[in-house]
Amino acid sequence: MGKIRLLIADDHTIVREGIRLMLEAQADIEVVGEASNGEEAVEMASRFQPDIILIDIAMPKLNGLEATRAIKQALPQIQVIALTMYESDEYFFQVLNAGASGYVLKKAASADLIGAIRAVYSGDVFLYPSVARRLVSDYLTRVKTGEEKSSYDGLTQREREVLKLIAEGHTNQAIADKLVISASTVQTHRTRIMQRLNLHNRAELIQYAVRKGLLDSAS
């Protein structure tokens, strides 16, 4: 399998340089370009045809949401991960609605960003901790009330442990540290749990957001 070809779009040079250095230390990731604004991101997406674009939400000329919509409309095969300082469920679902498949906070551990890239490359959606916590908590509430017929029965003991820690809002790295496993193993468990909740692709997450009033159904 070839390397994951990645484009970084952020208006802060020092942020781009730091991300590039971190990612290029990974044997399976290659940074093919850097964009300093939304218009450059759209142009470079067409020129370089990366597998994934890491894109900041707050950028000049075109913001990250506008750039994501333009990229996904022209090049739907390219996956987009929003990299942002905004810790907001509403932002997360707006980004998903624009076509992104992941949302990573700039304050996240490097292992979480790398895990997000690999998860999105393999076809999953990457959920940042507070969104995962809301989804898991909602699921557990529905299990208790009987609205959700499913239960813990289909999960392994380790997946139950991960589920509890997700519900408490821990990051992948924090869960990995607590359970003495790798962050990538935590991401694998998280993905299986989200599949268990029937929330493992963009469409299902957007439907959830609409039900919860986090997105307008017409958006």
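Which condition breaks for Val80 when tested against (1) over 23 Å from Ile193 (Cβ atoms); (2) of a type outside the set (D, E, K, R); (3) assigned to a helix (DSSP H, G or I); (4) touching a strand residue (DSSP E or B) at 6+ places or on another chain (Cβ under 6 Å)?
(3)
Which pairs turn up if I take residues in region 160-180 that are touching a residue at least 12 places away in the same chain (Cβ under 8 Å) and assigned to a helix (DSSP H, G or I) and look for partners that are surrounded by fewer than 22 Cβ atoms within 10 Å (Cβ to Cβ) and hydroxyl-bearing (Ser, Thr, Tyr) with beta carbon separation below 8 Å, at least 6 apart in sequence or on another chain?
Close Cβ pairs satisfying both conditions: Leu163/Tyr152; Ala167/Ser137; Ala176/Ser182; Ala176/Thr185.
Taking the conditions exactly as written (closer than 27 Å to Ser182 by Cβ and either touching a Lys or Arg at 6+ places or on another chain (Cβ under 8 Å) or in contact (Cβ under 8 Å) with a residue 24 or more places away in the chain (or both)), does Gln49 satisfy them or not?
no
Is it true that some residue in region 15-24 is under 18 Å from Ala119 (Cβ atoms), modelled with pLDDT of 90 or more and more than 17 Å from the chain's Cα centre (by Cα)?
The answer is yes; a qualifying residue exists.
Within region 115-168, take every residue that is in contact with a Ser or Thr (Cβ under 7 Å, 6 or more places away or on another chain) and modelled with pLDDT under 75 and give me the one that is nearest to Glu24 (Cα to Cα).
Only one residue fits best here, namely Pro129.
The values are calculated or read from the model by the stated rules, or taken from the named source; none is laboratory data. From a predicted model like this one, the values you see are computed outputs, not experimental measurements. In this analysis, Cβ positions are derived from the backbone assuming ideal geometry, glycine residues included, and neighbour counts consider all displayed protein chains.
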